[in-house]
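Enquirer: Questions regarding the structure given below will be posed in turn.
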Amino acid sequence: MEYMTLSHSELKVSRLCMGGCPLGGYGWGDVNHSDLIRSIESAINHGVTMFDTADIYGLGSSEETLGKAVANHRHEIVIATKFGVRIQNGITLYDNSSKWIRKAVEGSLKRLDTDYIDVYQVHYRDGKTSMSEIVESLSQLKDEGKIRYFGLSNTSIDELDELKSFNEKFVSFQHEYSLANRKNEALILELQKQTNITPLTWGSLGQGILSGKYTQDSIFSQNDRRSRSIYANFHGDKLLHNLRIVDLLREISEYTLHSIPSIAIRFILDFLKESIVIVGIKNEKQLMSNIESMSFRLSDEEIKKLLLISNFKKQ
Ligand SMILES: NC(=O)c1ccc[n+]([C@@H]2O[C@H](COP(=O)([O-])OP(=O)(O)OC[C@H]3O[C@@H](n4cnc5c(N)ncnc54)[C@H](OP(=O)(O)O)[C@@H]3O)[C@@H](O)[C@H]2O)c1
């Protein structure tokens, strides 16, 4: 396992972070609860020390499952959860107000069954609350010992100037990034260069398309979000383009003998220096296949080829 320290912090974490979205058991097709628990335990045994979740995943059930599974290892691992998205009367709202942050943190602490959250992340900005108000609310929680550090997610370039005056306060930011979706690449590199905050990538396997197991004929059940066209990686021209990327991953996999998903993950680790890759994992088999990414490096030539094939103009 490779480890690194999150910027502006003393938190040493594994560069592979286990994603908690499937733990919510909602919108990812059939998810087996015992498989999830076993994969968390196995991840810890194999050196994974960072776990990402959010209060909104499965409306709290992702945090509950994670809290139970890591209870015996709480001080060995880092939990990163998120706040700022909530449901009210069936409507999704974005809320970064200090009133909501206080309520949200208590809910997360309870569900995670812990006294502290290691990294508390702003899931999405609400378009109303200023960065200084958010930082003030989070700093108070830090002073009270409820959170250790804070991070950002889905930041836009427009927020860069505002962020720069507070950048030392944040230890991480996360954006969607993978060979299947490089639209945030320039933004991530610029944010990293200007703020030195550690980038975390989500959707690192393009929601699973880069695992190599899907084809043009794959059909998702209705309880799987990927059946919807908004999950573009599995539909139309984008799907065909992604399958060409998978062909190259398969070619590299055949001569390196590393799994297809591990090569897709390794691309991010090698290309985005000092980054952490979050991957959603449903069972131990997927975990082990993804952990393979920790045992090799891609050559410059392979990275060049992957960059070339993944250039999708319509992104
Ligand atoms: N900040 C944000 O706004 C945000 C948004 C989304 C996600 N995230 C975080 O990022 C994490 C990762 O993103 P994601 O879960 O959306 O997508 P992802 O990591 O790209 O894809 C995860 C899915 O790929 C499949 N998979 C994973 N490893 C595999 C393997 N070795 N072999 C075959 N299939 C494999 C699994 O689904 P199947 O087996 O069903 O194919 C898994 O659920 C989330 O869990 C969450 O923690 C953050």
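Yes/no matrix, rows are residues, columns are (1) more than 12 Å from the ligand (Cβ to nearest atom); (2) closer than 14 Å to ARG15 by Cα; (3) not acidic (Asp, Glu):
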position: LEU243; (1), (2), (3): yes, no, yes
position: ASP247; (1), (2), (3): yes, no, no
position: MET288; (1), (2), (3): no, no, yes
position: ILE291; (1), (2), (3): no, yes, yes
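Enquirer: Now a separate question. Looking at segment 25-46 only, could you name the residues that are more than 21 Å from MET1 (Cα to Cα) and out of contact with any strand residue (DSSP E or B) (no Cβ under 9 Å at 6 or more places or on another chain)?
Expert: Answer for segment 25-46, where residues must be more than 21 Å from MET1 (Cα to Cα) and out of contact with any strand residue (DSSP E or B) (no Cβ under 9 Å at 6 or more places or on another chain): GLY25, TYR26, VAL31, ASN32, HIS33, SER34, ASP35.
Enquirer: Same structure again: Any residue in segment 79-108 that's under 13 Å from TYR124 (Cα atoms): show its pairings with residues that are surrounded by fewer than 18 Cβ atoms within 10 Å (Cβ to Cβ) and among the charged types (D, E, K, R) at Cβ separation under 6 Å, as long as the two are six or more apart or on different chains.
Expert: These pairs meet every condition: TYR94/ASP126; ASP95/ASP126; ASN96/ASP126.
Enquirer: Here is a list of conditions, (1) free of Cβ contacts under 8 Å to residues at least 40 places away in the same chain; (2) more than 15 Å from the ligand (Cβ to nearest atom), and PHE51 meets all of them except one; can you say which number that is?
Expert: Looking at each condition in turn, PHE51 falls short on (2).
Enquirer: Specify which of the listed residues (SER61, SER34) is within 15 Å of the ligand (Cβ to nearest atom), part of a helix (DSSP H, G or I) and small (Gly, Ala, Ser).
Expert: Exactly one of SER61, SER34 is within 15 Å of the ligand (Cβ to nearest atom), part of a helix (DSSP H, G or I) and small (Gly, Ala, Ser), namely SER61.
Enquirer: Hey, among the residues in segment 209-237 that are at pLDDT below 95 and basic (Lys, Arg), which one's nearest to ILE265 (Cα to Cα)?
Expert: Once the filter is applied, the top-ranked residue is ARG226.
Here is a yes/no grid of residues against (1) buried (at least 19 other Cβ atoms within 10 Å of the Cβ); (2) in contact (Cβ under 8 Å) with a residue 60 or more places away in the chain; (3) out of contact with any Phe, Trp or Tyr (no Cβ under 7 Å at 6 or more places or on another chain):
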position: ILE219; (1), (2), (3): no, no, yes
position: ARG225; (1), (2), (3): no, yes, no
position: SER229; (1), (2), (3): no, no, yes
position: HIS258; (1), (2), (3): yes, no, no
position: LEU269; (1), (2), (3): yes, yes, yes
position: SER275; (1), (2), (3): yes, yes, yes
position: VAL279; (1), (2), (3): yes, yes, yes
position: SER293; (1), (2), (3): yes, yes, yes
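The values are calculated or read from the model by the stated rules, or taken from the named source; none is laboratory data. Computed from a predicted model, the values in this text were never measured in an experiment. Neighbour counts are summed over all protein chains in view; Cβ atoms, including those assigned to glycine, are modelled from backbone coordinates with ideal geometry.
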